[in-house]
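J.: This is the structure, below, for whatever I ask next.
Since every read-out is calculated from the coordinates, none of them should be taken as a lab result. Everything numeric here is computed off the predicted structure, so don't read it as measured data. Cβ coordinates were reconstructed from backbone atoms using ideal geometry, including for glycine residues, and neighbour counts include every protein chain displayed.
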Amino acid sequence: MELGRELRAALRGGRQVAVFSGAGISAESGVPTFRDAQKGLWARFDPMELASPEGFERNPKRVWDWYAMRRQQLQQVQPNPGHYALARWERLRPGLKVVTQNVDGLHQRAGNSDVIELHGNISRVRCSLENVIVEQWEERPDEVPRCGQCAAYLRPDVVWFGELLPPEAYARAQEVMATADLVLVVGTSALVQPAAQLPYIALRAGAVVVEVNPEETPFSADATFSVRGPAGVVLPAMVEAIAD
Ligand code: BV8
C-alpha cells in the first residue's frame with residue numbers, strides 16, 4: 001500500500017507514539033465488532049442491553065452465558081497483522097503505549113507491553129460485590145457461578161454501559177494522549193463516551209493524529225490524516241515506512 005509523502009514524514013517523525021484502538025482492529029481476527037449484528041443464538045439480544053448492569057440484574061444467567069460464549073470464541077482467534085504491526089512499532093519506538101477500548105487482550109498477545117484497557121478484559125472475572133478478581137470458578141449449567149468468599153454472583157471484569165471507566169486507567173489514558181506527538185486512532189467508530197474524547201486531547205496538545213478505518217467516522221474530519229483501509233493492511237505499511 002502506497003502512503004503519501006506527507007503522511008510518511010509525519011509517521012517517521014513520531015517519537016512519543018500512542019495508539020487508541022477499538023473493535024475494528026480485531027475484526028480481521030474474526031472477533032465481531034460491537035455493532036456487528038449478533039450471530040445465531042444471540043441475534044435476538046441487543047448487546048447494549050446485555051453489556052449493562054440492568055441487563056445483568058434482569059437476567060444474570062443470560063449475560064453470564066453471553067460472556068462465556070465470547071470467552072470461548074476468543075480461544076479460537078489470533079492477533080492479526082494489524083496487532084503485530086503495533087508490537088513491531090513498539091520495538092522501533094520504545095515507550096509506545098496502546099490505549100484500547102477492546103476487551104479481547106489481543107494487543108498483549110501480539111506483544112505490546114504497555115496496554116491500557118479502558119473497558120476491562122473479558123478473560124478476567126470478578127466478584128460482583130467485592131470486585132476482587134477470581135482466577136477459577138465452577139461453570140454450572142443452570143446458574144451463574146458465585147464468589148467463594150461472599151456468595152455474590154461472579155461477573156466479567158469489563159465496563160458495562162452506564163458504569164464508570166476504571167479511574168486510574170482513564171487518568172493514565174488522558175495523560176498519554178496529552179504527551180504523545182503521534183497518535184494512531186485505529187478501528188473505532190468514535191461513538192462510545194468518554195473514550196471518544198481521548199483523540200481530541202491529543203489534537204489539542206498539538207499531536208499528529210492519524211485515523212485508520214475502512215469507513216468515515218465522526219472523527220475523520222478532525223484527524224490530521226484519515227486513512228481509509230483495514231488495519232491489517234494499513235498498519236503493516238505504516239510501520240514499514242518508519243522501519244529503515
Ligand atoms: C459511562 C465492554 C457514565 C463491554 C464497552 C448519549 C450520548 C453520549 C454518551 C452516552 C449517551 N447515552 C449513554 C451514554 C454513555 C455510554 C455511551 O457512550 N453510549 C454510546 C453508545 C452512545 N457510555 C457509557 O456508558 C460508559 N460509561 O458513560 O458512564 C457514568 C457517569 C457518571 C456515573 C456513572 C456512569 C461506558 C462505556 C463502555 C461500554 N463497554 N465494552 C463489552 O465489550 O461487552 S464498549 C464497546 O463498544 C466495546 O468496548 C467497543 O470497543 C466499544 C466501542 O465501539 P468501537 O470499539 O468503536 O467498535 P464499533 O463496533 O463501534 O466500531 C468498529 C469500528 O471499526 C467501525 O468504525 C468500523 O468501521 C471499524 N472497522 C471495521 N473493520 C475494520 C475497522 N477498522 C479497521 N480495520 C478493520 N478491518
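J.: For the chain, what is the mean residue ellipticity at 222 nm derived from helices alone (per DSSP H run of n ≥ 4: -39500 (n - 2.57); sum divided by total residues; nearest 500 deg cm²/dmol)?
T.: -10000 deg cm²/dmol
J.: Using mean Cβ contacts within 10 Å as the protection proxy, how do 200-211, 147-158 order, highest first?
T.: Highest mean packing first, the order is 200-211, 147-158.
J.: Taking Cα centroids, how far is segment 205-225 from segment 37-81 in Å?
T.: With segment 205-225 and segment 37-81 each reduced to a Cα centre, they are spaced 30 Å.
J.: Length gain on complete extension for the stretch Ala43 to Ile133, per 0.36 nm per residue less the alpha carbon to alpha carbon distance?
T.: 29.4 nm
J.: So for the chain, averaging the separation of alpha carbon pairs under 8 Å that are six or more residues apart and normalising by length, what relative contact order in percent results?
T.: Reported as a whole number, the value is 26 percent.
J.: Is there a quick way to get the dipole size of the chain? I mean about its Cα centre, with the Cβ of Lys and Arg at +1 and of Asp and Glu at -1; what is the value in debye to the nearest 20?
T.: Using Cβ point charges on Lys, Arg, Asp and Glu, the chain gives about 300 debye.
J.: Let me ask something else about it. For the Cα atoms of the chain, what angle does the longest principal axis make with the long axis of helix 167-179, in degrees from 0 to 90, nearest 10?
T.: For 167-179 against the chain, the angle is about 10 degrees.
J.: A further question follows. Putting +1 on Lys and Arg Cβ atoms and -1 on Asp and Glu Cβ atoms, find which of Gln101, Ser123, Ala237 reaches farthest to the positive end of the dipole of segment 88-238.
T.: Ala237
J.: What does the charge dipole of segment 110-244 about its Cα centre add up to, to the nearest 20 debye, if the Cβ of each Lys and Arg holds +1 and the Cβ of each Asp and Glu holds -1?
T.: 220 debye
J.: Which of the peptides 3-11, 84-92, 183-191, 58-66 is most tightly packed, and how do the rest follow, going by the mean number of other Cβ atoms within 10 Å of each residue?
T.: Answer by packing, highest mean first, reads 183-191, 84-92, 58-66, 3-11.
J.: Sticking with this structure for a sec: Roughly how many nanometres apart are two label points built 7 Å out from the Cα toward the Cβ at Leu191 and Arg228?
T.: Each label point lies 7 Å from its Cα, and together they span 2.0 nm.
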